[in-house]
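Everything below concerns the one structure shown next.
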Amino acid sequence: MAAAAVVRSRFAVVGGGIAGVTCAEKLAMEFPSEDIFLVTASPVIKAVTNFKQISKTLEEFDVEEQPSSLLEKRYPNIKVIQSGVKQLKSEEHKILTEDGKEYMYEKLCLCAGAKPKLIFEGNPYVLGIRDTDSAEAFQKNLAQAERIVVVGNGGIALELVYEIEGCEVIWAIKDKAIGNTFFDAGAAEFLIPKLTAEKRETAIACKRTKYTMEEKEKKERPIAESDKLGSALGPDWHEGLRLKGAKEFSHKVHIEILCEVKQILLQQEFLQLKRTSLTFPKEEKNVEADDVLWPVYVELTNGKIYGCNFIVSATGVVPNVKPFLDGNNFALGEDGGLKVDEHMHTSIPDIYAAGDICTASWEPSPVWHQMRLWTQARQMGWYAAKCMAADTLGESIDLDFCFELFAHVTKFFNYKVVVLGKYNAQGLGLNHELMLRCTKGQEYVKVVMQNGRMMGAVLIGETDLEETFENLILNQMDLSAYGEDLLNPNIDIEDYFD
């Protein structure tokens, strides 16, 4: 058999998510006469649309699924290779794809994202939600469901629990309060009334247009197994999915705090062990045994057992490094990501990484930290391409300004949410103080102060304070003189500091 022809390119990028697509686009602009290979297992790519720079560090954009042919039309020098990576031979500067082809590169950027951390691998009743395929499977299962258990406390769990109607939800979280990744207990208290409200306000129209594969293409396409990764979901991934269960009420959520899943029992095991499960908790404290037989049961570490139709594992992600490790000596971070320096270099020459797959290993600014979010995936992909270009042209480059301050804007429960800097006092120890301002149902403002300087902030609602606070955190001005007045709604703080 003849050996496969090797195709060469100066630049190759692996991954069709935000980091990979942004990196390929930037390289295509920097080197219009070079072919840029973008290797992705998925027939659709994730593109950034409606990009808006709100302030120095805050940006807002929609994420749109598009056929890869659209990307090739916009950038004629991007060649999309639709196949998974089978092996990376870093010494030979070569990628082997699942479809048996070989590609040589001079410089490579790995942007293969992350995959869901499932609480139990291989259990048919456990669904991980990470990409569009899994979201569709979830919707199908939910239509017949009367009760589900949601495990996890990040952004996806928050959105999910808020959006589900007509289905009892038992929400198991290991923290004291909901949304621990983004909020403190105060913000959680501010949001909880929205969870139990019967009447839902009409959702704000979603600006993202959707691309769905033609039915024909869908039928031919095999169902994604959990290791065939789709790209991560966008901030309003549930739009257009009808998240409605089998029952007629709108909202029933019960939160079990400070617990994790101890074990999952199939109906057969549950009956053999003669255990007792609980009904959905009502306001009165006496909890009753459940006489309904459920397909699957969850035993929590607090001793309670609940039956349900299925379990949603929304417990975060792990960097998708596995396809690249064999035969390559990558340095890995504590979280399992590929370690990158301040120029997005991995520990292997000519290989860069960006987005969820990498672990930032430079000395960060005191008010920046890595978090596997859309905004950082876009920033890292763009900056990695700039670093690859600078290296190729023998130029020097400084760390991009976007790594000066952690800044993220999103929506939870229909509220605008902005988080800045060390918004949860991450790494500040006990040496800090919090200031709060809260108007029930309207806004929640929290700032983290250390030695009279602002280190972080959480803004929920239309506060219009993000730009002022961003400046105060960036310039580290001493604010001791203002004391509590800093958050006094009757004082127009912007006039002081703009």
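Structure data summary
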| quantity | calculated |
| --- | --- |
| Potential lengthening between Asn431 and Thr181 on full extension [0.36 nm per residue; Cα-Cα distance subtracted] | 87.9 nm |
| Cut-off 14 Å between beta-carbons: net charge of the residues surrounding Glu269, Lys and Arg +1, Asp and Glu -1 | +2 |
| Interchain or long-range residues, amide H under 5 Å from Val150's placed H | Ile170, Trp171, Ala172, Val312 |
| Pairwise Cα inverse-distance average, inverted: Kirkwood Rh of the range 414-496 (Å) | 12.9 Å |
| Solvent exposure of the range 414-496 as accessible area per residue, Å², 1.4 Å probe | 47 Å² |
| Area accessible to solvent at Asp400, 1.4 Å probe radius, in Å² | 30 Å² |
| Nitroxide proxy distance, nm - points 7 Å out along Cα→Cβ at Asp341 and Ala289 | 6.5 nm |
| For the range 111-193: rounded, prolate or oblate by the Cα gyration tensor [a/c cutoff 1.5] | oblate |
| The range 1-117 - percent of accessible surface contributed by carbon and sulfur, probe 1.4 Å | 50 percent |
| Sequence of Ser365, Ser396, Ser313 when ordered by accessible area, the most exposed leading, probe 1.4 angstrom | Ser396, Ser365, Ser313 |
| Among the listed pairs Lys52/Lys416; Lys79/Lys339; Lys86/Lys386; Lys56/Lys411; Lys46/Lys79, those beyond 22 Å (Cα-Cα) | Lys79/Lys339; Lys86/Lys386 |
| For the range 38-79, radius of gyration divided by Kirkwood radius, i.e. Rg to Rh on alpha-carbons | 1.08 |
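The values are calculated or read from the model by the stated rules, or taken from the named source; none is laboratory data. What you see is a predicted model, and the numbers here were worked out from it, not measured in a lab. Neighbour counts run over all protein chains shown; Cβ positions are idealised from the backbone, glycine included. For the accessible areas, the whole protein counts, side chains as well, though only heavy atoms, and no ligand, DNA or RNA atoms are used. Shrake-Rupley method; radii C 1.70, N 1.55, O 1.52, S 1.80 Å.
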